[in-house]
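Q: The structure's right below; bear with me while I get my questions together.
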Amino acid sequence: MYQLTKGVLAIMIGFLVSIVAGIILVPLLKKLKAKQTLSTYLSKAHKDKADTPTMGGLIFILPTIISIIILLLLNKIEFTYNLFIVLFVFLSYAVLGFIDDFLIIKRKNNVGLTEIQKLIGQILIAIVFFYIYMKSGAEPVVEIYTLGIEVPLGWFYGVFILFMLVASSNAVNITDGLDGLAGGLSLIAFLTFALISANSPAISGTGDIAVFCFVLVGCLLGFLAFNSRPAKIFMGDTGSLSLGATLATIGIITKHELTFIFVSGVFIFETLVCIIQIVSMVFFHRKVFLMTPFHHHLEKLGWNERDIVIMFWCIGLLLSFIAIAFGVWY
């Protein structure tokens, strides 16, 4: 009951701080003309979004950091190795995404950081992650408690961490294409991992990670007040890269890598659709889908944007129910 109360209060704090941040940042970013050039291949419904500012990830990133600092100063949570890793990845990927967004806005096109530059940044973050994680006494082992499986990876564990961070951050980035889609799915995913972390007492520091997740859920709820259709702001790479990498980080730290696949099911599906399309175009010179990611394919078929978002939220919620049953109950 105490953990539940902490969770509810953490959500409330995050929500209130993010609402204040949104009230300040939305008009500020609009005044600075921090907008992103939209693809010419998008449907007519997206043309009205041309003047919508990006970098909206700041609405939940800054409030989350501020809220966690306040809780640390009040001794409501403990500053552990694992919490430090989560905060490090959360902020590092936010900075990486911010630089990408800033260059896109400055150049007035969709060319930000190159793929090589992004990869270098992600490799450096993964190396620091691996070093701190091993320093905390963690074992380079992938564990599936439910099935009683342990897979020792040794030095390859660092590569595994890099793959999860890169894949997850890009998956959320790909999914961020409709008002409220990536934000709502991320809220569901982090709420799921908050519950999983709160029920993983055998792993040091997961109670504090649960509080972090609850705070972020509140901040994402506040962000959705500005990002739901019609969106007043987009999260941009600043938000999507940070959310994806942090989600993977929590999956690794809580030893729920397999559960992470269920939680991120919609993000993974959207990415697979893009991969299938690219492979088909390169080798067979034909499209499998009208447009990728899949949410744009549905738009091309005549689906309403709001209906697509709600359907994806429902699928994400169902997958999260399965994840909680698999990761906690059984």
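Q: Starting from residues that are assigned to a loop (DSSP other than H, G, I, E, B) and of a type outside the set (S, T, N, Q), keep the ones in region 290-303 and report whichever is surrounded by the most Cβ atoms within 10 Å (Cβ to Cβ). Walk me through it before giving the result.
A: Filtering region 290-303 down to residues assigned to a loop (DSSP other than H, G, I, E, B) leaves 290-293, 301-303.
Narrowing further to those that are of a type outside the set (S, T, N, Q): 290-291, 293, 301-303.
Working: LEU290: 13, MET291: 18, PRO293: 23, LEU301: 11, GLY302: 7, TRP303: 13.
Of everything passing the filter in region 290-303, PRO293 is surrounded by the most Cβ atoms within 10 Å (Cβ to Cβ).
Q: Still on this structure, please answer the following. Is there any pair linking a residue in region 1-28 that is touching a residue at least 60 places away in the same chain (Cβ under 8 Å) to one that is surrounded by fewer than 20 Cβ atoms within 10 Å (Cβ to Cβ) and among the basic types (Lys, Arg), with Cβ under 7 Å and at least six apart or on different chains, and which?
A: Within 7 Å, the pairs are VAL26/LYS232.
Q: Can you tell me which of GLU139, GLU115 is among the acidic types (Asp, Glu) and touching a strand residue (DSSP E or B) at 6+ places or on another chain (Cβ under 9 Å)? Before you say what the answer is, go through the steps one by one.
A: Working: GLU115 fails: touching a strand residue (DSSP E or B) at 6+ places or on another chain (Cβ under 9 Å).
Result: GLU139 is the single residue among GLU139, GLU115 that is among the acidic types (Asp, Glu) and touching a strand residue (DSSP E or B) at 6+ places or on another chain (Cβ under 9 Å).
Q: Here's a follow-up. Just a yes or no: is a residue in region 188-201 buried (at least 20 other Cβ atoms within 10 Å of the Cβ), in contact (Cβ under 8 Å) with a residue 24 or more places away in the chain and not in a helix (DSSP H, G or I)? Before the answer, list the steps.
A: If we filter region 188-201 for residues that are buried (at least 20 other Cβ atoms within 10 Å of the Cβ), which is where we start, we get 188-198, 200.
Those still in the list that are in contact (Cβ under 8 Å) with a residue 24 or more places away in the chain too: 188-198, 200.
Checking the rest, the ones that are also not in a helix (DSSP H, G or I) come to 200.
Checked region 188-201: at least one residue is buried (at least 20 other Cβ atoms within 10 Å of the Cβ), in contact (Cβ under 8 Å) with a residue 24 or more places away in the chain and not in a helix (DSSP H, G or I).
Q: Taking region 75-92 on its own, how many of its residues are farther than 14 Å from VAL211 by Cβ and touching a Ser or Thr at 6+ places or on another chain (Cβ under 7 Å)?
A: 3
Q: Looking at this structure, is GLU115 within 17 Å of THR271 (Cα to Cα) and at pLDDT below 90?
A: On the way: within 17 Å of THR271 (Cα to Cα): yes; at pLDDT below 90: yes.
It is true that GLU115 is within 17 Å of THR271 (Cα to Cα) and at pLDDT below 90.
Q: OK, next. Does region 88-107 hold any residues that are under 15 Å from the mean Cα position of the chain (by Cα) and buried (at least 20 other Cβ atoms within 10 Å of the Cβ), and which are they?
A: Step one: of region 88-107, the residues under 15 Å from the mean Cα position of the chain (by Cα) are 88-98.
Selection gives VAL89, PHE90, SER92, TYR93, ALA94, LEU96, GLY97, PHE98.
Q: Taking region 304-330 as the search range and keeping residues that are of a type in the set (Phe, Trp, Tyr) and surrounded by 14 or more Cβ atoms within 10 Å (Cβ to Cβ), which one is farthest from VAL266 (Cα to Cα)? Quick ask: steps written out before the conclusion?
A: The initial filter retains those residues of region 304-330 that are of a type in the set (Phe, Trp, Tyr), namely 312-313, 321, 326, 329-330.
Cutting the leftovers down to surrounded by 14 or more Cβ atoms within 10 Å (Cβ to Cβ) gives us 312-313, 326.
Working: PHE312: 7, TRP313: 9, PHE326: 17 Å.
Once the filter is applied, the top-ranked residue is PHE326.
Q: Right, here's the next one. Given the condition at pLDDT 85 or above, under 20 Å from SER240 (Cβ atoms) and outside any loop (DSSP other than H, G, I, E, B), answer yes or no: does some residue in region 40-55 qualify? Give the steps one after another, and end with the answer.
A: If we filter region 40-55 for residues that are at pLDDT 85 or above, which is where we start, we get 52-55.
Pick out the ones that are also under 20 Å from SER240 (Cβ atoms) and you get 52-55.
Cutting the leftovers down to outside any loop (DSSP other than H, G, I, E, B) gives us 53.
Checked against the condition, which is being at pLDDT 85 or above, under 20 Å from SER240 (Cβ atoms) and outside any loop (DSSP other than H, G, I, E, B), region 40-55 yields at least one hit.
Q: With region 221-289 as the region, which helices (runs of 4 or more DSSP H) entirely inside it contain at least 2 residues that are at pLDDT below 90 and farther than 27 Å from ILE99 by Cα?
A: 257-263
Q: Within region 225-248, can you find the residues that are closer than 15 Å to PHE130 by Cα and out of contact with any Leu (no Cβ under 7 Å at 6 or more places or on another chain)? Walk me through how you get there before you give the answer.
A: Our first condition is that a residue be closer than 15 Å to PHE130 by Cα; within region 225-248, this holds for 245-246, 248.
Residue satisfying the conditions is THR246 alone.
Q: In addition: Output yes when any residue across region 283-299 is in contact with a Pro (Cβ under 8 Å, 6 or more places away or on another chain), under 24 Å from VAL166 (Cβ atoms) and β-branched (Val, Ile, Thr), and no when none is. Working first, answer last.
A: Keep residues of region 283-299 that are in contact with a Pro (Cβ under 8 Å, 6 or more places away or on another chain), which gives none.
The answer is no, given that none of the residues of region 283-299 is in contact with a Pro (Cβ under 8 Å, 6 or more places away or on another chain), under 24 Å from VAL166 (Cβ atoms) and β-branched (Val, Ile, Thr).
Q: So which of ILE120, ILE85, ILE77, ILE69 is in a helix (DSSP H, G or I), of a type in the set (Val, Ile, Thr) and surrounded by 16 or more Cβ atoms within 10 Å (Cβ to Cβ)? Full working, then the answer.
A: Details: ILE120 fails: surrounded by 16 or more Cβ atoms within 10 Å (Cβ to Cβ); ILE77 fails: in a helix (DSSP H, G or I); ILE69 fails: surrounded by 16 or more Cβ atoms within 10 Å (Cβ to Cβ).
Answer to the check: ILE85.
Q: Here's something else I'd like to know. Test THR175 against the criterion of being of a type in the set (Ser, Thr, Tyr) and farther than 20 Å from ILE61 by Cα, and give yes or no.
A: Numbers: of a type in the set (Ser, Thr, Tyr): yes; farther than 20 Å from ILE61 by Cα: no.
Here the answer is no, as THR175 does not meet what is asked.
Q: Moving to a separate point now. State all residues of region 146-182 that are outside any helix (DSSP H, G or I), modelled with pLDDT under 85 and aliphatic (A, V, I, L, M); if no residue qualifies, say none.
A: The answer is ILE149, VAL151, LEU153.
The values are calculated or read from the model by the stated rules, or taken from the named source; none is laboratory data. Since we're looking at a predicted model, the values are computed, not measured. Glycine gets a Cβ as well: all are built from the backbone with ideal geometry, and neighbour counts include every protein chain shown.
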